[in-house]
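Bear in mind that the values in this text are calculations on the coordinates, not laboratory data. Since we're looking at a predicted model, the values are computed, not measured. When we count neighbours, we look across all protein chains shown, and the Cβ atoms used for this are built from the backbone with ideal geometry, even at glycine.
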Amino acid sequence: MKKLIAVFIFLLSTTLSFAQIGPKIKFMAKDNTIDYGLIKKGEDDGVRVFEFENTGDQPLIIKNVKSTCGCLVFTKPDYPIMPGKRGKIVVKYKMTVGLIRKTFLVDTDAVNAENDYISLRIKGEVLEK
């Protein structure tokens, strides 16, 4: 009987340790990527929106959005996103002629973010007018 209780307690504690309690982020864009497609320079402002939802049980904080490229400008929520609510990160690309292949990082407190970061990507091509 003692062994059965010990096994039950072990299984219960193992199951609870795998349950992620806290804020969770889910982006609406497939593969966390927005495709600009083929666009002509001067005919598009370069602004796109990454929508996300807090699917967790605690408020979600977007701490920062980082890129190694100076060709991207971001706007992020300055307030916590409550459980079940949606937010957005706005990205503006400077529309330089050529291929668009950029990855940037969202620094968040979400428990499902690997090392506190989520990678987002934009792709496409800017053509001469």
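Annotations
- Inter-residue pairs, beta-carbon under 8 Å, first under 20 Å from MET82 (Cβ atoms) and in contact (Cβ under 8 Å) with a residue 24 or more places away in the chain and in region 104-118, second β-branched (Val, Ile, Thr) and assigned to a loop (DSSP other than H, G, I, E, B), 6+ apart: THR108/ILE61; ASP109/ILE61; VAL111/ILE21
- Count of region 59-73 residues which are surrounded by 15 or more Cβ atoms within 10 Å (Cβ to Cβ) and among the hydroxyl-bearing types (Ser, Thr, Tyr): 1
- Members of region 99-126 found to be surrounded by 12 or more Cβ atoms within 10 Å (Cβ to Cβ) and either over 14 Å from ASN32 (Cβ atoms) or aromatic (Phe, Trp, Tyr) (or both), listed by number: ILE100, PHE104, ASP107, ASP109, VAL111, ASP116, TYR117, GLY124, GLU125, VAL126
- Every residue from region 70-129 that is within 10 Å of LEU60 (Cβ to Cβ) and basic (Lys, Arg): LYS85
- Which numbered condition GLU114 misses (of (1) farther than 14 Å from ASP44 by Cβ; (2) in contact with a Lys or Arg (Cβ under 7 Å, 6 or more places away or on another chain)): (2)
- Qualifying residue in region 88-98 (condition: crowded, with 16+ Cβ neighbours inside 10 Å and either touching a helix residue (DSSP H, G or I) at 6+ places or on another chain (Cβ under 9 Å) or outside any strand (DSSP E or B) (or both)): yes
- Here LYS76 qualifies as buried (at least 17 other Cβ atoms within 10 Å of the Cβ), out of contact with any Leu (no Cβ under 9 Å at 6 or more places or on another chain) and basic (Lys, Arg).
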